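Written below as structure tokens is the structure these notes are about.
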Amino acid sequence: MADAPDDAVDRLYGVALDEFVPARDALARELRDEGRRGEAAAVKALAKPSVAAWAVNQAVRTQRGAARELWRAGDDLAAAQAAVLEGRGSGADLRAAGERERKAVEALVGAARGLLTSAGRDLTEATIERVRDTLHAAAIDPDAREDVAAGRVARERVPQGLFGGADAPAPARTPASRSRPARDRDQAAERAEAAERAKAVERERAVERERAARERARKQAAARVAKAERALAGAEARAAQAAERLEEARGRERDAMQALADARAELRALER
């Protein structure tokens, strides 16, 4: 199936939340009228953003500089996390990278707080927290970042990075006076803890993939049900039309039979 026009998708995810569905449906009709049925179907399938996803889109679109700072901070945090896992990173570097990433996220969260819902109310704290999670996810997860950076997020994301973005661990400082074996034990413990965190994230990611797969399957099943319902409705309409035509034909048949009977009666009367 053809993809939705890129510029059209970009415009749609930039409109006010309550305007998304009317704008999407109008564009799909326009493309269909132009004979671009594949693109029309792709546009029609675009999901309306959740409130949190919409807020992320608007914050990133209006605060380009803050968004670029978040991508840089996220790259630094990912590098610092990888260094810790490899046993060559320092706790100070990891803490600094984590703090920079948190500040970059909060700058965009602050922009999102200034947005209003379609009903004219402030975003709830629960929505703001989902905005924050999505931004943390985009900082260090390339897949999440692609949609967030484009301002085309349909559903909020959860942090999938090694340490979940916002709560990067701060390894204990090891005094220089401590013995080498003690320092080695501490570093080994830090690496083991980081590895456990990585496993936990992978489990969470697997759960998220399974949930996404179930949601895709549900949507596909719902689409098949809708298609079957449309087919049934069409068949019922055609059956009703056929029944109506049959009844009309039977009426004409009865009229013709009556006319024949009348003509025969008239003929018999004349022949006497």
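We did not get these values from a lab; they are worked out from the coordinates using the rules stated. What you are looking at is a predicted structure, and each value in this text was computed from that prediction instead of being measured. Positions of Cβ are generated from backbone atoms using ideal geometry, with glycine treated the same way; all protein chains shown enter the neighbour counts.
Which order, highest average first, do 28-36, 43-51 follow once you tally other Cβ atoms within 10 Å for each residue and take the mean per peptide? It would help to have the intermediate numbers written out before the result.
On the way: 28-36: 14.7, 43-51: 17.2.
Output ranking for 28-36, 43-51: 43-51, 28-36.
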Note to self: Just to confirm a number: summing +1 for Lys and Arg and -1 for Asp and Glu over residues other than Asp6 whose beta-carbon lies under 13 angstrom from that of Asp6, what do you get?
What the structure shows: -2
